1. Expressed in nm², what is the orientationally averaged projection area of the convex hull enclosing the Cα positions of the stretch 125-235?
2. Just reorder 7, 24 by solvent-accessible area, largest first, 1.4 Å probe, all chains present.
3. Carbon and sulfur atoms: what percent of the 1.4 Å accessible area of the chain do they account for?
4. For residue 196 and residue 352, calculate 0.36 nm times their separation in residues minus their Cα-Cα distance, and state this gained length in nm to one decimal.
5. Rounded to the nearest whole Å², what accessible area per residue is found for the stretch 251-390 with the 1.4 Å probe?
6. Springs between alpha-carbon atoms under 10 Å, Gaussian network over the chain: tell me which of 362, 165, 50 tops the mean-square fluctuations.
7. Taking every pair of Cα atoms in the stretch 24-115, average 1/r, invert it to obtain the Kirkwood radius, and report Rg/Rh to two decimals.
8. Quick one: accessible area per residue over the stretch 168-232, 1.4 Å probe, rounded to a whole number of Å²?
Amino acid sequence: MLLSSLMATAALGIDMMLPAFDEMRSTFGLAPGSPEISGALTAYFLGMSTALLFFGPFSDRFGRRSVIFVGLGIYVAGAIGSALAPSMGVLLISRFIWGVGAAGGRVVVTAVVRDTFVGDAMAKTMSTLMAVFLLVPIIAPSLGAAIVAFLPWQGIFWLCAALGTGLALWAGTRLPETLPIDQRKPIRISVLKNSAGRVFGEPATLLPMLGITALMGVFTSYLGSSELIISEIFGRRDQFPIIFGGTAAVFGAASLLNGRLVDRFGMRRLFIPAISVYVIGAAILLAQAVGSGGRPSFWAFYPILAVVFGSSMIVNPNLNAMALAPVGDIAGTASSIVGAVSMAVGTLIGAMIDRQIDDSVTPFATAVLVSGIVTAVLVVRMLAVDQPEG
């Protein structure tokens, strides 16, 4: 529960603010329905991806516990700065700092799991953590909507700061150190260069990482544009927390299912069926979008979208486990490189997709299909070579 909560700090800084976008647009003088407000999400993700490059090596050098405490401190500072931001520019800077802090939890959780498990056991554990983690998107939008119904939108950020402080206290009493002192690695340019060379030079790590990046692009686009799609294109503003949370519930169910399926079949054998569901579902979404001029029926489009993203919750944890399996001796640094590359590039891809979404879901559906095809090609190529699972 603690590890899931540490992972959830990242999602908490995203999902709870989505219902407040209208009020935030008004505060910062943006036009109603403006996609510019999604810059608050882009800045957050860019902060996370930048910090991942540093937190990983630091966790390999100083241990997992110290990194999480530094990360949570920065997280709380960024949340407070965002709540006090007098302008959109200051908000973006504060959100970047907030994202830097959120990276600590992501690095520590992945590294702790990799310290403790390998192969299918790691994939199963990550799926369980991901399922609990996905409770946040189910609950957070409704909580955010309740807060803005009674308080200014800044109240959401103050609550995040309080929760970050509480997590630091919890981690202080319950988080063990999983990296023994004799296994810690010095921070040297040569060591970092060598680690990066192994990540980028090992196809069994590089190809899954690129697949994760492709999926990350459409996922960040969905987070940034979901409020616009649901509220404006489908005209269901009042139902946004329920729809967003319901989709997240499918994510969580798929992650739990993945843990059971990995136990029975192994993560590699699951990839082809899962990515096939993703690609076929994405093709149906695009056909609906094109056939309706970009405004398909909500009940035809959104259930398929939930299935597509649900299948990604089977693909993604397994890709992470595949990517880290050959580099377990540098788990912290490797996790940070994989996370930083996939998040930074994926966030920029997502921002470009968001800019194309106005009154049509066609650009988004196109991106979903392309991401699935790219991921399938990359990982099928890797699976064609008989690699051990670690």
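1. Details: hull surface 45.8 nm².
About 11.5 nm², averaged over all directions.
2. Highest to lowest solvent-accessible surface, that is 7, 24.
3. Values: 10240 of 15060 Å².
The value for the chain is 68 percent carbon and sulfur by accessible area.
4. Details: separation 156, 0.36 × 156 = 56.16 nm, distance 2.72 nm.
Computed gain between residue 196 and residue 352 is 53.4 nm.
5. Numbers: 5590 Å² over 140 residues.
Here the per-residue accessible area is 40 Å².
6. Looking only at 362, 165, 50, the largest GNM fluctuation is found for 165.
7. Values: Rg = 15.0 Å, Rh = 13.7 Å.
Ratio of gyration radius to Kirkwood radius for the stretch 24-115: 1.09.
8. Working: 3010 Å² over 65 residues.
Counting only protein heavy atoms, the per-residue value for the stretch 168-232 is 46 Å².
The values are calculated or read from the model by the stated rules, or taken from the named source; none is laboratory data. What you are looking at is a predicted structure, and each value in this text was computed from that prediction instead of being measured. Please note: Cβ atoms are built from the backbone with ideal geometry, for glycine as well, and neighbour counts cover all protein chains shown. Heavy atoms of the whole protein, side chains included, go into the accessibility calculation; ligands, DNA and RNA do not. Shrake-Rupley method; radii C 1.70, N 1.55, O 1.52, S 1.80 Å.
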